[in-house]
Amino acid sequence: MPRGYNVLVSHRATLIPGDGIGPEVTSAAVRAIEATGVHIEWERCELNEEVILRRNEVLPPEIIASILHTKVGLKGPVTTPIAGGFPSVNVALRKALDLYANVRPVRTLPGVRTRYNDVEIDMVIFRENTEDLYSGLEHEVVRDVVTSLKVITRVASIRIAEAAFSFAAETGRKKVAAIHKANIMKLADGLFLRCCREVAARYPQIEYRELIVDNASMQLVIRPEQFDVLLLPNLYGDIVSDLAAGLVGGLGVVPGANLGEKHAVFEAVHGSAPDIAGKGVANPTAMMLSAAMMLVHLREQAAANRLRSAVEKVYADRRHLTPDVGGTAGTREFTDAVIAALSPATVAV
Ligand code: ATP
């Protein structure tokens, strides 16, 4: 029996549809949220390649102002123009709002045929979101010789480790694995590891281990079911996230959250997928599951659970899946099926 929720509560959130498949998958997610009965007043912000080029800025101040005000955002992918030397929109947004933890749950969905159908994959990736080689500090020392600075700090490493361990403790997860390359980057990854160990010592009930990123990649492919919570600096986190997404059906099905102390922005792992944009075939699952994470953040746990189980029902049924996961349905047909599968809520007034 679903728990009740209060129809009188209304939330405000910023909606950034983005570009490419962004508008298609975010509108599907918004429809799915509405169908749960949770009321959200959206502050809609246009941010896409065209806006960036026209305004000659990657992050117009009204977008930051909106999220500072609502504290929560649901965001589609935004293409960073290749020309013009703009920094990545995502990196800029994460830095501007200090969204230091990128959280990506990677789970087996019923009915998706992958190479790993015989195992249950259920891991959560905690990727540091603000530094590392994403510092953007590159320098051409002399012609044809470039350096790129990898920045690792104690503050950022401790807080991402704390985020991973406290999540594990609160959600009953048993293991945290820190992923690194400290055998080569002895100072930078060495500092990251020292911070992870320091935090791990405060959580003796959680099994802690360390894996070098190359071995971790192989282990993920060979025996993905052994992983529980993964804790990584920014770049390894980026690469391992896509690898992990591939284990469970691809980028179309993996959601994400960017969390800071005061603000949170929920977005899928995938990019704007220009190859399928506007064709009505994008898979909105990742965006819908990101929306479910947002509902948890807004303390609408019952609605989040209902949305997740509706998505799972549609996957188990297999008749309305999008082409990327072996189906023939379009974005709208899949979304209609999820909405139809939402179990009725118990409304508390
Ligand atoms: P970015 O650099 O912005 O992360 P990218 O070029 O690495 O983007 P995506 O835009 O995420 O990657 O697309 C990679 C591949 O995955 C493309 O073939 C794309 O069509 C596919 N893809 C991504 N998201 C989805 C989705 N939601 N539904 C179906 N296919 C998707």
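Some observations on this one:
- Residue within segment 326-336 that is farther than 18 Å from GLY73 by Cβ, more than 16 Å from the ligand (Cβ to nearest atom) and assigned to a helix (DSSP H, G or I) present: yes
- Of the residues making up segment 245-262, those that are over 12 Å from the mean Cα position of the chain (by Cα) and either surrounded by 24 or more Cβ atoms within 10 Å (Cβ to Cβ) or more than 9 Å from the ligand (Cβ to nearest atom) (or both) are GLY246, LEU247, VAL248, GLY249, GLY260, GLU261, LYS262.
- Taking the numbered list (1) within 21 Å of the chain's Cα centre (by Cα); (2) more than 16 Å from the ligand (Cβ to nearest atom); (3) touching a residue at least 60 places away in the same chain (Cβ under 8 Å); (4) not in a helix (DSSP H, G or I) in turn, GLU46 passes all entries but (3).
- For the residues SER148, SER157, the requirement of being in contact with a Cys (Cβ under 6 Å, 6 or more places away or on another chain) and within 30 Å of SER272 (Cα to Cα) singles out SER157.
- Only one entry of LEU235, LEU220 meets the criterion of being within 16 Å of the ligand (Cβ to nearest atom) and part of a helix (DSSP H, G or I), and that entry is LEU235.
- Test: GLU312 is in contact (Cβ under 8 Å) with a residue 40 or more places away in the chain, surrounded by 19 or more Cβ atoms within 10 Å (Cβ to Cβ) and charged (D, E, K, R): no
- Condition broken by SER343, with the remaining ones in (1) modelled with pLDDT of 95 or more; (2) surrounded by fewer than 20 Cβ atoms within 10 Å (Cβ to Cβ) satisfied: (1)
- Test: residue in segment 315-328 that is without any contact (Cβ under 8 Å) to a residue 40 or more places away in the chain and buried (at least 18 other Cβ atoms within 10 Å of the Cβ): yes
- In segment 275-286, the residues that are at pLDDT 95 or above and among the hydroxyl-bearing types (Ser, Thr, Tyr) reach residues that are assigned to a helix (DSSP H, G or I) and within 6 Å of the ligand (Cβ to nearest atom) with C-beta atoms within less than 7 angstrom, at least six apart or across chains, in these pairs: THR285/GLY252.
- Counted residues, segment 298-325 - those being away from the ligand (no atom under 16 Å from the Cβ) and over 29 Å from ALA264 (Cα atoms): 4
- Within segment 263-285, the only residue that satisfies the criterion of being more than 11 Å from the ligand (Cβ to nearest atom), touching a Leu at 6+ places or on another chain (Cβ under 8 Å) and in a loop (DSSP other than H, G, I, E, B) is HIS263.
- Segment 47-64 - residue that is charged (D, E, K, R) and more than 12 Å from THR14 (Cβ to Cβ) and, of those, surrounded by the fewest Cβ atoms within 10 Å (Cβ to Cβ): ARG54
The values are calculated or read from the model by the stated rules, or taken from the named source; none is laboratory data. Every value quoted in this text rests on a predicted model; they were computed, and no experiment measured them. Positions of Cβ are generated from backbone atoms using ideal geometry, with glycine treated the same way; all protein chains shown enter the neighbour counts.
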